[in-house]
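Peer 1: Below is a structure I'd like to ask you about.
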Amino acid sequence: MSEIATKSPPEAPERAPSPKPRRDALWWVRKALWLVVLLVALALPLYLEAEWLKAGQYMMVGAVGAIGLTLLTGQAGQLSLAHAFFLLAGATAYTVLSGPTGDPELLGFGLDPLLALLGAVAISAVLGLAFAPVAGRLRGIYLGVASLSLVFLGLYFGQAAENLTGGTSTGRPPAEFSLFGFPFSNEGDLEILGVPIRETERVWYLFLALTVIAFLLARGAVGGRVGRAWRAVRDNEPAAAVMGVSVWRAKAGAFAVSSAYAGLAGVMTVLWFDLLKPDESEFGTYGINVSIAYLAMIIIGGLGSVPGALVGALLVNGLPQVLALYSTELGWSTGTGEHAFTPILISSFVYGAAIILVVLFEPGGLAAIGRRIAGRLSGKQRERNGS
Amino acid sequence: MTVPELSVRDVTLRFGGLYALDDVSLTVEPGSLHALIGPNGAGKSSCFNVISGLYRANEGTVTFGDHDLTRTRPHRLARMGIGRSFQNAALSPHSTVLDNVMLGRFALTHGGFLSCGLRLPWTRREERKHAERAAEICDFLGIGAELHAPVGSLPYGAVKRVDLARALAVEPSLLLLDEPAAGTNAAETAELASTIHDIRDELGISILLVEHDMGLVMGIADRVTVLDFGRVIADGPPADVQADPEVVRAYLGSENAEAG
Ligand SMILES: Nc1ncnc2c1ncn2[C@@H]1O[C@H](COP(=O)(O)OP(=O)(O)OP(=O)(O)O)[C@@H](O)[C@H]1O
Ligand SMILES: [Mg+2]
């Protein structure tokens, strides 16, 4: 008894263990790897053809959306199939806010594109918050099914609100993005190392910046007080509440944040297509298939892992793009007939199989595989201490 | 720090026709180590859940100083200075020890998605300060070497200590401990008993301790309340309670049943 008594408690220990994560070799390797990834991403427009850049941009759209969903489903434990709806919400909000005023058929507010982007993100967050009362009452598969209804709501809205979306037949072009007067178009002569930086390259850098911001914000939140509250709610609601977390607020917050991410991905989607076009059926740009694709990304990447979501998005959104590029190169038919093996169909099979493999053999997804490799590299000592 | 009194008054809690708590009253005097004991299913955890606002009492009130806890939502309790551990530990197994204990600092810290996401200087400073405190608490409880280990990788005795550390991290003036020694061996139990006693002495807080093990409780408690089938069958200093024939009967009865 006396040994413990002399070890002075709470007040002032002489040598408390360090709460800081160790900055060992592995830590530096990790930082260096991220730096390399970033540098490569910055250099790619100087080397890649426009269509490959387009494919890369689409992967970044997926990355932003997937990071949002992994926060909600992986960190806060709320299954959502509504992601595609919030993509549509962001896409529409951006197009309307930045659209020209005075068009008799189409509503537009003529806002600066940056303001319109921020506004679209905010509107998506508010819509997510509006769904929070439902999210607070349901869980698991019930929440998933309830959230799916939003996708159908979106389908109806996209077709009915023609003065916002332009309708299914023609759609509506979004305002071209510009940042403090700098246009993300072919306007003006801009060169880096003799390579002209035109619309595709500029949009690549815009998307890269948005992805990096989305990534860093999510990492910060996951590592901090907010992420801790989300995980607590996911793992044990009563314990979370007793520790001071308002379960309802934490869930609503996660929904708002995730919807904001989806909204941003929606803005990126219209900028990528250069068109806002509502779907004609429940499958399309903002359909059920998209909600499921986002779930696939975060499951393959490892639920709750932000880097995992990023990699999952590169695979799931990248594969159809890359296949499409190769199919023209290899002279495949990209036919649209009923039985055509389209790149989208093939990649659906591939990521369907990937999900089954992950669920069967590594429920922690790519993130867990990455952790295991890191553990091997740094030897047993670290494995014992965890990472 | 002035420690308020916890008062449970005539609390009845029903699950359908089952009386989990039947007209239960008890008072935890400021700064005392109060034990709540009783056989399996006596209603001890239910009593904790009523106090922490997780269950709503059908009748009766619970007050903590001036606060009426029966009208308080559970997440407000940490801010009033009530910390609690759980019979089943209720931790996040994939998160590290430090991360789990830091959850106890939730009510003492600030910052939402943007300030955490942007890693604003004040958020980081606050996080660092509180992490140091959490590490101190872990060190005090003998789990300081495991700060960065996932809770799921620890032996059960250590897991229970993480839960205790998290409850202490709230900086409570009242600590509710639900079977902190459950599933730990005899040596660990004795050490834990003395740790709990030290916490009370050094921090001057009140502790309400649920324990199965009569021996552990009798050595350290100032006062003991005994529940059986949701009713209080004895309440007093350990020596009196131990001699109470009804307590002996309840305990012997259940012990025989367990042995058989
Ligand atoms: N949520 C609930 N729903 C229905 N019955 C419950 C619930 N919680 C507790 N009970 C019942 O209330 C009674 C008291 O249970 P409680 O968990 O409070 O006992 P305990 O004294 O903590 O027992 P133990 O020593 O096993 O932990 C038991 O009969 C239990 O089955
Ligand atoms: Mg119990």
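The values are calculated or read from the model by the stated rules, or taken from the named source; none is laboratory data. This is a predicted model, so every value here is computed, not measured. For neighbour counting, all protein chains shown are included, and Cβ atoms are generated from backbone atoms with ideal geometry for every residue, glycine included. These accessible areas exclude ligands, DNA and RNA; they are computed on the full protein's heavy atoms, side chains included. Shrake-Rupley method; radii C 1.70, N 1.55, O 1.52, S 1.80 Å.
Peer 1: Using every pair of alpha-carbon atoms in the range B:47-108, split the distances into 10 Å bins beginning at 0 and state the percent of pairs per bin, rounded to integers.
Peer 2: Per 10 Å bin, starting at 0, the Cα pair percentages come out as 20, 46, 26, 8, 0.
Peer 1: Let me ask something else about it. I need the calculated FRET efficiency for the pair A:Val126 and B:Ser194, taking r as the beta carbon distance and R₀ as 35 Å, to the nearest 0.05.
Peer 2: That gives a FRET efficiency of 0.05.
Peer 1: Treating only the Cβ atoms of Lys and Arg (+1) and Asp and Glu (-1) as charged, compute the dipole magnitude of the protein assembly as shown about its Cα centre; round to the nearest 20 debye.
Peer 2: 980 debye
Peer 1: Related question: Let me know the mean shielding of A:133-145 by other chains, meaning the per-residue number of their Cβ atoms within 10 Å of its Cβ.
Peer 2: Neighbouring Cβ atoms belonging to other protein chains average 0 per residue here.
Peer 1: Two decimals is fine: what is log10 I(q)/I(0) at q = 0.08, 0.11 Å⁻¹ for chain B, from a Debye sum with one equal scatterer on every Cα and no solvent?
Peer 2: Listed by q, the Debye log ratios stand at -0.32, -0.61.
Peer 1: Hey, what number do you get for the protein assembly as shown at 222 nm if only DSSP H runs of n ≥ 4 count, each worth -39500 (n - 2.57), divided across all residues, to the nearest 500?
Peer 2: -18000 deg cm²/dmol
Peer 1: Let me ask something else. Just tell me, in residue order, which DSSP H segments of chain A are both 27 angstrom or longer along the helix axis (alpha-carbon based) and at least -0.5 in mean Kyte-Doolittle hydropathy.
Peer 2: Passing helices, by number: A:25-47, A:50-69, A:113-137, A:140-160, A:199-223, A:247-273, A:306-329.
Peer 1: Quantify, in whole percent, the carbon and sulfur part of the accessible surface of the protein assembly as shown (1.4 Å probe; protein heavy atoms only).
Peer 2: 61 percent
Peer 1: For the range B:27-95 and the range A:182-230, what is the separation of their C-alpha centers, rounded to whole Å?
Peer 2: When both Cα centres are located, 49 Å separates them.
Peer 1: I'd like the Karplus ³J(HN,Hα) series for the range B:185-200: coefficients 6.51, -1.76, 1.60, θ = phi - 60°, whole numbers in Hz, and an x wherever there's a Gly or Pro.
Peer 2: Once θ is set to phi - 60°, the couplings for the range B:185-200 become 7, 4, 5, 4, 4, 5, 5, 5, 4, 6, 4, 4, 4, 5, 4, 4 Hz.
Peer 1: Here's another thing I want to ask about it. Pop a pseudo-label 7 angstrom from the Cα along the beta-carbon direction at both A:Arg376 and A:Ala209 and give the gap in nm to one decimal.
Peer 2: 4.0 nm
Peer 1: If DNA, RNA and ligands are ignored and the probe is 1.4 Å, what is the ranking of A:Ile356, B:Ile51 by accessible area, most exposed first?
Peer 2: A:Ile356, B:Ile51
Peer 1: Work out, in µm²/s and without decimals, the Stokes-Einstein translational diffusion coefficient of the range A:59-156 at 37 °C, 0.692 mPa s, Rh from Kirkwood over C-alpha pairs.
Peer 2: D, rounded to a whole number, is 227 µm²/s.
Peer 1: While we're looking at this one, here's another question. Which whole number gives the average, over all residues in B:134-147, of C-beta atoms from other chains lying within 10 Å of the residue C-beta?
Peer 2: Mean shielding count: 5.
Peer 1: Let me check against my output: what whole-number percent is the relative contact order of the range B:91-165, with C-alpha pairs under 8 Å and at least 6 apart?
Peer 2: The normalised contact order for the range B:91-165 reaches 50 percent.
Peer 1: Related question: With the dipole of the range B:91-165 worked out from charges on the C-beta (+1 for Lys and Arg, -1 for Asp and Glu) around the Cα centre, which of B:Leu141, B:Gly117, B:Pro93 lies farthest toward the positive end?
Peer 2: Farthest along the dipole direction, towards plus: B:Gly117.
Peer 1: Separate question: Using Cα-Cα distances under 8 Å and only pairs 6 or more residues apart, what relative contact order does chain A have, in percent?
Peer 2: Once normalised by length, the contact order is 27 percent.
Peer 1: A further question on this structure: In what order, largest first, do A:Lys54, A:Lys31, B:Lys160 sit by accessible area if the probe radius is 1.4 Å?
Peer 2: A:Lys31, A:Lys54, B:Lys160
Peer 1: Evaluate peptide B:187-196: per residue, the Cβ atoms of other protein chains within 10 Å of its Cβ; return the mean as an integer.
Peer 2: 2
Peer 1: Could you rank the peptides A:277-284, B:137-144 by their average count of other C-beta atoms within 10 Å per residue, with the highest value first?
Peer 2: Going by the mean number of other Cβ atoms within 10 Å, highest first, we get B:137-144, A:277-284.
Peer 1: Roughly how many Å² of A:Phe361 are accessible to a 1.4 Å probe, to the nearest 10?
Peer 2: A:Phe361 exposes around 150 Å² with every protein chain in place.
Peer 1: If you don't mind, another one. Compute the angle between helix B:156-169 and the longest alpha-carbon principal axis of chain B, please, reported from 0 to 90 degrees and rounded to the nearest 10.
Peer 2: 70 degrees
Peer 1: At what distance in nm do the modelled label points of A:Phe109 and B:Thr61 sit from each other, each positioned 7 Å from its Cα along Cα→Cβ?
Peer 2: 5.0 nm
Peer 1: Moving on. Quick check for me: using +1 on Lys/Arg Cβ and -1 on Asp/Glu Cβ, what's the dipole size of the range B:108-260 about its Cα centre, in debye to the nearest 20?
Peer 2: 900 debye
Peer 1: Could you tell me the convex hull volume per residue, in Å³, taken over the Cα atoms of chain A?
Peer 2: 195 Å³
Peer 1: Next up: In nm, to one decimal, how far is the B:Lys129 label point from the B:Glu5 one, both placed 7 Å along Cα→Cβ?
Peer 2: 3.5 nm
Peer 1: Okay, next question. Ignoring everything but the protein chains, give the 1.4 Å probe accessible area of B:Asp198 in square angstrom, nearest 10.
Peer 2: 10 Å²
Peer 1: I would also like to ask the following. Show me the ranking of peptides A:104-111, B:168-175, A:254-261 by mean Cβ neighbours inside 10 Å, starting with the highest.
Peer 2: So the peptides A:104-111, B:168-175, A:254-261, ranked by packing, come out A:254-261, B:168-175, A:104-111.
Peer 1: Please give the per residue volume of the convex hull enclosing the alpha carbon atoms of the range B:120-260, rounded to a whole number of Å³.
Peer 2: Dividing the Cα hull volume of the range B:120-260 by its residues yields 145 Å³.
Peer 1: Take the Cα radius of gyration of the range B:91-165 and divide it by 2.2 N^0.38 Å, with N its residue count; two decimals is plenty.
Peer 2: It is 1.13.
Peer 1: Follow-up question, since we're still on this one. For the protein assembly as shown, build the convex hull from the C-alpha positions and give me its volume per residue in Å³.
Peer 2: 199 Å³
Peer 1: On average, how much accessible surface per residue is there in chain A, in Å², for a 1.4 Å probe, leaving out ligands, DNA and RNA?
Peer 2: Computed with neighbouring chains in place, this is 48 Å² per residue.
Peer 1: Which residues among the range A:92-132 fall inside the zone where the amide N is under 13 Å from a point 7 Å beyond the Cα of A:Ser185, along Cα→Cβ?
Peer 2: Hits in the range A:92-132 for A:Ser185 at 13 Å: A:100, A:113.
Peer 1: Express in nm, to one decimal, how much length is gained between A:Val195 and A:Tyr326 on full extension, taking 0.36 nm for each residue of separation and deducting their alpha carbon distance.
Peer 2: 44.7 nm
Peer 1: Mind checking which of B:Ala107, B:Pro238, B:Ile37 is farthest towards the positive end of chain B's charge dipole, using Cβ charges of +1 (Lys, Arg) and -1 (Asp, Glu) about the Cα centre?
Peer 2: B:Ala107
Peer 1: To continue, here is another question. How much FRET efficiency would the formula 1/(1 + (r/R0)^6) give for B:Leu120 and B:Ser25, where r is the Cβ-Cβ distance and R0 is 45 Å, rounded to 0.05?
Peer 2: The pair B:Leu120/B:Ser25 has a calculated efficiency of 0.40.
Peer 1: How high is the FRET efficiency between A:Ser149 and A:Ser169 when r is their beta carbon distance and R₀ equals 22 Å, given to the nearest 0.05?
Peer 2: So, using R0 = 22 Å, E works out to roughly 0.30.
Peer 1: Right, here's the next one. Ignoring everything but the protein chains, give the 1.4 Å probe accessible area of A:Ile197 in square angstrom, nearest 10.
Peer 2: Only protein atoms counted, so the area is about 10 Å².
Peer 1: Could you tell me which residue out of A:Thr200, A:Leu216, A:Ser178 lies farthest along the dipole of the range A:176-218 toward its positive end? Charges go on the beta carbon: Lys and Arg +1, Asp and Glu -1, centred on the Cα centre.
Peer 2: A:Leu216
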